[in-house]
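Heads up: the structure comes next, in C-alpha cells.
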Amino acid sequence: MGYKKPSFIENIAEKLGIIPNLHKDNYQEFQDDMRHFTDEEVAQMYENFPPPDKWDDWVEYDPKTWPKKDKKTYQIVPTTCFNCESACGLTAFIDKETQVVKKFEGNPYHPGSRGRNCAKGPATINQISDPDRILFPLKRKGKRGEGDWERVSWDDALDTISARIRKAIKEDRHNEIAYHVGRPGNEKFMNWILQGWGIDGHNSHTNICSSGARFGYNLWYGYNRPSPDHANAKFILLVSAHLESGHYFNPHAQRIIEGKMKGAKLATMDPRLSNTASMSDYWMPSYPGTEAAVLLAMALIILEEGLYNRDYLENWTNWKEYLKARHSDKEVTFENYIAAMIEEYKEFTPEFAEKESGVKADMIVEIAHLIGEAGERFASHNWRAAGASNLGGWCVARALHFLTVLTGAVGAKGGTSPNSWNKFKPTQPNPPAPQKKWNELHFPKEYPLAFFEMSQLLPHFLKEGRGKMDVYFSRVFNPVWTYPDGFTWMEMYADESKFGIHAALTPIWSETAFYADYVLPMGLASERHDLNSYATHGGTWVAFRQPVLREAARRNGKPVNLTYEANPGEVWEEDEFFIELSWRIDPDGSMGIRKHFESPYRPGEKITIDEYYQYIFERVKGLPEKAKADGFTGQFAELEYMKKYGAFEIEQGESYKVNEKELSAEQLKDTKINPENDVITKDGKPIGVMVNGKACVGFPTPSRKNEFYSQTMVDWQWPEYATPTYIKSHIHNEVLDKSKGEYVLVPTFRLPTLIHSRSGNAKWLVEISNRNPIWMHPDDAAKWGFKTGDLVKMNTDIGYFIDKVWVTQSMKPGVVACSHHIGRWRRPQDRIGNRWATNTVNIENNGKGGWKMNTISGVQPFDSHDSDSKRIFWKDGGVHQNITHAVHPDPISGMHCWHQRVKIEKPSKGEKYGDIFVDTNKSHEVYKEWLAMTRPAPGPNGERRPLWFERAFTPDKSPGGCYFIPKDEK
Ligand code: SF4
C-alpha cells in the first residue's frame, strides 16, 4: 500500500517520548500520491476518522500542550459548513469537560463532501471564537448610521418588528416588507415564512451572482442550474475557476480531480491563469465577454464535421418548430435542420473566434474535436465569471449548453444534468398558498425576463420614488459593501422615509449593519438549524446543519428550549426567530398567518424546531427505514438519525436521463396530444411529450424538449435572440479607447480562502489572503512604467479607487483584474469588528452626491482573549472596489454585468492608496442609461413574466391575478 514506515531514528525518538508516537494505532502516512489507490482503498483510509459509536466519548491528546500527553475527551457532533453554498459536512469536536468547541473536521458521512473540506470549513473555529463577534441583540441610539447602540432583549426586538409588520399587512402595505438575503440556505424555509405572511417580500443577491447563467440555461430546458458529473466525464470544460474557487468549490474540485485521475481532460476558459487553469490540460485565456463566440465556433465544428449525436438532436430538440418559424420555405427534415444551423453559425469560424477572443484557432478546433469524441461524457459548468460579467453574459451558458445538447450529454452519465435532478425538495407542514401580491420593487415591469429580483436597483427605485421599505431585513448580507454603487445604498439606508425599520440578521458587524436599527446576532455554521441539499454530483443527499452545543446538551441530558440558550451570549438563529415573529404578528390567528406555524402533531400549539425538521425528515425517501435499521425508534427517530450523522444519501446516482421517464397510466388519463409538436397536455398544461412512440416526461419547457429555438424570446420582443447567439459585451474591445488608457477590469474572481464579506472574522483565512492588488501583465506594466507595488488610479464610470499594481504573467495582456472579498472598512464611530481584515476609514459626503473615502489606518495588532490578535503582521486591508462600480443590469436576464471599463492613470501628487471617490448622481444616470435598453412587460395575454419561467417565491398564477398586468395599469 505504500505506507511510509518510521525510520530508525524516528522509532527511537518515539519510544523515548521525544516526539509523539505517530506509528501506533494504525496511523497511516502516504509515501506517494493517491493515484496508486483504488476508490475502495481511499474509502478505507477515511476509517481513520473516529467511528460514530465513539462520537460521545472520543479521546485525543491536546496538541497545544505537546510534548506533554494531555488526554482530552470530546463529543463529536456533525453539522454543515456555512462558508459557501456547498454546505460540506463538518464535525465539531466539543471538549466534554468545558463544553467548548475546540475544532472542526470533515464529516465522512456527508455524501457531497465525503469527509473533505476546503480551508474555509475548519476556519469556522475562528469565526465562533472571534473576539469581535456580536453576542447580544442591539438597537440603535441616535440617528441611523451614527454608530451608537444599546443592548435590548429578543422580546423587545420581536415585539417591535412584529407590530410593524402586522400594521403594514392590515393596511394592505404588503409590498413594504422585504427580506433581503445574501447567504441563503434553509431549503424552502423562507418560502414557508414569507408566503405564510402572504407577502411577495423575497429579495436576494442572485442578480449580482448567478442569474445570467441561470437565464441562459433556463431558455434551453427550463432548468436554471447545471449539475456536471465530473467524476465520470471524459472531457470537462469550465468557464471560470471552479476547481479552486468556483461554485461547489470542494465537492466539485474533488470530483474534477477524480475525473482527471481516470483520464478525463480538463479545459478552462478564463483570462486569468487561475489555480484551476494551471491544473488544466488546456487554458483558453479569452478576452472577457467573448466566451460565447468561442463556444459557438466549437458548435460549428461539431456540426460541420458530423460529430453531433443525431438521436439526441432529433428526439430532444424542438427543431421542427425552428424550421417552421425560421425556414418556412424548407421541408421539415433533420438534414435541413443541420444545414440551417450550419448556415446560422457560419460566421463563427475558429479564426473569427480567435480574432474576438485571442484564443488560438488551433486550440479551439482541438477542443471541439475532444468534446465531440467525449460525446455523452462531456461535463461543463458556467456559473458566475463570464455569465455574470457581461452585457449578454447569459449567452455564455446558452452557448455552453448548446455543446451539451449537440453531444447528447444532457443528463447523461459523465455529462451535465439539471441540478434539480440531484436535489432534494422538502415537504413542509401547513404549507401556505402562493401569495396574491406582486412586488414591483423586486420584479419591475421593465425586466419581465429577469431571472431573479432586481435587487441591485432597489436604491435607485427608492430614489426615484417607486415605493418604500417599511420593514426590511438584511440577512447575512452586506449590500453597502458587496453590491456595486454602495454609496447610493448608504444614502438610501440612512433615509428613514425610504427604509422605515432595518433589522440586520447577521453573525458579524458589516458595512450594512452600521445602517440598521436592530442588529440581531445570528449563528454561524455550528450555531443554527438549517437544511441543505445541493447538486454536487450524480446523486442526491440531504444534510442537517445543527447547533452543536444544543445537541451536545441534549445528549448530556440537559436539553434547551431555544437555540440561543445553548449558543454563546444570546446568539440565535433565523429558524426559531421567524417562527416566533410569525406567531407574534398574528397572536390570535385572526389574520390567517398563525395556522401555518402550528404544530402538525399538537393542534393549535406553536411548532417547535424539532417538530419542523422531524416533519420533513420522516418524509425523506428511505430515511425512516435507515433510521430504524440504525436503532432509532419513537416519534423523532428520523430527526435523531440526522442529529447523529448530519446527512443522508437519498440516491447514489441513478438520476440520469430523467426526461426519458415514461408517464404512468394514471398521469396519462384525460390527456391530449398536440399533433403539431407531440406535446401531451392535461387540463391545458403540458406534462410530457411523445418521443418514438413513448410518452416521456421531457423537460419543463413549452415544447418539453431542449429549445434551440425560443418562441418565448420572440413573444417577449427579443426575436433577434431566438436561437443561441453571441452579444458583444459592454466592454468589448471595440468600445474601449486604448489611446485614453481604457482597459477592461475583471473584478469577479475570488481568492479561494475568502468568503465574500464574511471572512474578516476568520484569522487563518485573512492571514493567507489579505490584499487585492491590480493584476497586470508585464507588457502592460512596461507600457505604463509600473512595477509591483506602484500606486495605480482606476477610474470607473462613476468615480475612482487607488490600488497597487501586481505585475504577473498570470494575466492576459490587455486585461487587468482585482479580486473581490478584500477592502473591508469601518468608520471611527462604528463598533469594532472583523479587525483581522478591516481598515479604519474616513468618509465625507459633500451633500451633492459626491462621496470620498480615505484610509486612516490599516489592519493592526490588538489585545484580546486570542493571543494571535497581537501577532498580526499584515497591515494592508486592501481596497473596496465595488463601491466605485455603477449598476449595469443586463436588460434581459437582469444580471449585473460586473466587468468595468476603467481608465488607468498614475495617481496625482497627494493621492494615496485606498482613496476612493464616487458621484452618486452619475451612478443614477448610468442606471437610467441601462434602464433605457429594456423592453418592458406585458408579454402575451398581459403576463408580467412567461408563465413557464420559474420565479423565486412564485406568486399565484390564476388568470386575472397578480401575474397579469391589469389593462388600465401603466
Ligand atoms: S467548499 Fe469550503 S467553504 Fe464551501 S461548504 Fe465546503 S468547506 Fe465550506
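The values are calculated or read from the model by the stated rules, or taken from the named source; none is laboratory data. Just so it is clear, the structure is predicted and the values come from calculations on it, not from any experiment. Positions of Cβ are backbone-derived with ideal geometry, glycine not excepted, and every protein chain shown enters the neighbour counts. Surface accessibility is based on the protein's heavy atoms, side chains included, excluding ligands, DNA and RNA. Shrake-Rupley method; radii C 1.70, N 1.55, O 1.52, S 1.80 Å.
Determine the percent antiparallel among the DSSP beta bridges restricted to the stretch 412-562, to the nearest 5.
25
Take the alpha-carbon positions of the stretch 542-625, form their convex hull, and give its projected area averaged over all directions (one quarter of the hull surface) in nm².
Seen from a random direction, the Cα hull of the stretch 542-625 projects 6.9 nm² on average.
So, by mean Cβ neighbours within 10 angstrom, what's the order for 884-895, 333-344 with the highest one leading?
884-895, 333-344
Full extension from residue 784 to residue 65: what is 0.36 nm times the residue separation minus their Cα-Cα distance, to one decimal in nm?
This chain segment gains 253.5 nm when fully extended.
For the stretch 851-925, which trypsin sites (Lys or Arg not before Pro) are both in a DSSP coil and crowded by at most 14 other Cβ atoms within 10 Å?
Passing sites in the stretch 851-925 are 875, 909, 912.
Under the Karplus relation 6.51 cos²θ - 1.76 cosθ + 1.60, θ = phi - 60°, what is the ordered set of whole-Hz ³J(HN,Hα) values for the stretch 816-831, x standing for Gly and Pro?
10, 8, 8, 6, 8, 5, 10, x, 6, 8, 9, 8, x, 7, 7, 4
Report, largest value first, the span of the C-alpha coordinates of the stretch 129-207 along each principal axis, in whole Å.
Principal-axis extents of the stretch 129-207 (Cα, largest first): 37, 30, 24 Å.
Return the Cα extents of the chain along principal axes one, two and three, sorted largest first, each rounded to a whole Å.
On the principal axes, the chain reaches 85, 73, 69 Å in Cα extent.
Taking the Cα centre of the stretch 255-411 as origin, work out the dipole magnitude from +1 charges on Lys and Arg Cβ and -1 charges on Asp and Glu Cβ, in debye rounded to 20.
Its charge dipole is roughly 620 debye.
For residue 343 and residue 868, calculate 0.36 nm times their separation in residues minus their Cα-Cα distance, and state this gained length in nm to one decimal.
182.5 nm
Gap in Å between the Cα centre of the stretch 403-478 and the Cα centre of the stretch 663-678?
Between the Cα centres of the stretch 663-678 and the stretch 403-478 lies a distance of 31 Å.
If you take every DSSP beta bridge whose two residues both sit in the chain, what share of them, in percent to the nearest 5, is antiparallel?
65
With the Cα gyration tensor of the stretch 232-365 in hand, convert its eigenvalues to equivalent ellipsoid semi-axes via √(5λ) and list them largest first in whole Å.
32, 18, 12
Using 0.36 nm per residue, how much length does the chain from residue 717 to residue 311 gain when fully extended, once their Cα-Cα distance is taken away?
Gain on stretching residue 717 to residue 311: 142.9 nm.
At 37 °C and a viscosity of 0.692 mPa s, what translational diffusion coefficient does Stokes-Einstein give for the stretch 700-859, taking Rh as the Kirkwood radius over Cα pairs? Give it in µm²/s as a whole number.
It comes out at roughly 170 µm²/s.
Say each of residue 948 and residue 808 gets a label point 7 Å from the Cα, pointing the same way as Cα to Cβ; how far apart are those two points in nm?
If labels sit at residue 948 and residue 808, their model points lie 4.4 nm apart.
Hey, can you grab everything whose amide H is under 5 Å from the amide H of residue 72? Only 5+ residues off in sequence or another chain; H modelled, so Pro and N-termini drop out.
Under 5 Å from the amide H of residue 72 lie the amide H atoms of 60, 61, 62, each far enough along the sequence or on another chain.
Counting only protein heavy atoms and using a 1.4 Å probe, what share of the accessible area of the chain belongs to carbon plus sulfur, as a whole percent?
50
Separation of the stretch 312-343 and the stretch 568-616 by C-alpha centroid, Å?
Taking the Cα centre of each part, the stretch 312-343 and the stretch 568-616 sit 54 Å apart.
Using amide H atoms built 1.01 Å from N in the peptide plane, name the residues 5+ places from residue 87, or on other chains, whose amide H lies under 5 Å from its own.
Answer set, sorted by chain and number: none.
In Å², what does the accessible area per residue of the stretch 839-949 work out to with a 1.4 Å probe?
44
Compute the distance in nm between two label points, each set 7 Å from the Cα along the Cα-to-Cβ direction, one at residue 969 and one at residue 48.
Output for this residue pair reads 6.1 nm.
Using the Karplus curve 6.51 cos²θ - 1.76 cosθ + 1.60 with θ = phi - 60°, what ³J(HN,Hα) values do you get for each residue of the stretch 52-68, in whole Hz, with x for Gly and Pro?
After applying 6.51 cos²θ - 1.76 cosθ + 1.60, I find x, 6, 10, 5, 9, 7, 9, 10, 9, 7, 6, x, 6, 9, 3, x, 5 Hz.
Just to check I understand the Karplus step: with θ = phi - 60° and J = 6.51 cos²θ - 1.76 cosθ + 1.60, what whole-Hz values come out for the stretch 766-776, glycine and proline as x?
These are the phi-based 3J(HN,Hα) values: 5, 4, 6, 10, 9, 7, 9, x, 7, 6, 9 Hz.
Starting from the 7 Å offset along Cα-to-Cβ, what nm value, one decimal, do you get for the label separation of residue 742 and residue 275?
3.6
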